[in-house]
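The values are calculated or read from the model by the stated rules, or taken from the named source; none is laboratory data. Keep in mind that what you see is a predicted model, and the values were worked out from it rather than measured. Every residue, glycine among them, receives a Cβ derived from its backbone with ideal geometry; neighbour counts consider all protein chains shown. Ligands, DNA and RNA are excluded from the accessible area calculation, which covers all protein heavy atoms including side chains. Shrake-Rupley method; radii C 1.70, N 1.55, O 1.52, S 1.80 Å.
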Amino acid sequence: VVTRTPLVRLPLTADVTESWRAYIDLPGGGLGIDRIGALDLAGDGGGSGESASGGVCVSLACCASNISLSHPDEGFTVASAFLAARASAVIASLWPLTNATTGFLMTVFHYHLSVGREPAEALRRAQRWMRDPGRRAPGGFPEPLARAFEDRVARFEASLRRRGDSMTAPAHWA
């Protein structure tokens with residue numbers, strides 16, 4: 001039996017310059033952490049403060065979603081605002097990432113979600129994929145897409161290696 005956790009996917013940009021005013025930029029306007037924190041994403045509609053098993057998982061696909069530039073911890077971040085809104089889980093970055101790294105990780109993560117894996121398992125598989133120097137496109141990718149994806153990954157990996165880096169490094173996937 002496959003259970004499906006509702007997932008909110010937010011491909012976005014975030015301004016975290018002043019953490020207490022952090023916001024995500026969405027079509028139609030920004031959404032500040034004050035408004036995010038006032039949402040009720042638990043799925044129980046009761047606002048009781050207790051965690052609900054039917055809550056949503058929020059995937060923040062940007063390079064600064066759990067970073068605070070003006071405070072020493074994650075208390076004032078976009079990710080913590082979603083947790084305050086009672087999301088069951090939030091997937092966010094702890095340090096700046098390149099758009100390419102984020103894109104590759106999120107592509108594989110969303111592929112695993114699309115075949116029925118829960119968010120935690122999908123993220124684990126995407127991170128393992130990033131750590132594998134012999135990585136290939138997931139088996140369910142159509143052939144033309146798989147070739148194009150693998151080519152793009154190989155070109156990006158080569159550019160990192162020229163600088164003494166690799167997508168296998170924890171800074172790119174952890």
Checking 100, 120, 174 in turn, the sole residue that is among the small types (Gly, Ala, Ser), within 30 Å of residue 56 (Cα to Cα) and surrounded by 14 or more Cβ atoms within 10 Å (Cβ to Cβ) turns out to be 100
(1) open to solvent by less than 60 Å² (accessible area, probe 1.4 Å); (2) in contact with a strand residue (DSSP E or B) (Cβ under 6 Å, 6 or more places away or on another chain) all hold for residue 83 apart from (1)
Scanning the stretch 123-147 for residues that are hydrophobic (A, V, I, L, M, F, W, C) and outside any loop (DSSP other than H, G, I, E, B), the one surrounded by the most Cβ atoms within 10 Å (Cβ to Cβ) turns out to be 126
Output for Cβ contacts, cut-off 8 Å, separation at least six or different chains, first residue within 20 Å of residue 79 (Cβ to Cβ) and part of a strand (DSSP E or B) in the stretch 25-51, second at pLDDT below 70 and open to solvent by 50 Å² or more (accessible area, probe 1.4 Å), reads 25/13; 25/15; 30/15; 30/23; 31/23; 32/21; 32/23
_So for the stretch 90-107 (the condition being modelled with pLDDT of 70 or more, assigned to a strand (DSSP E or B) and under 27 Å from residue 148 (Cβ atoms)), does at least one residue qualify?_
yes
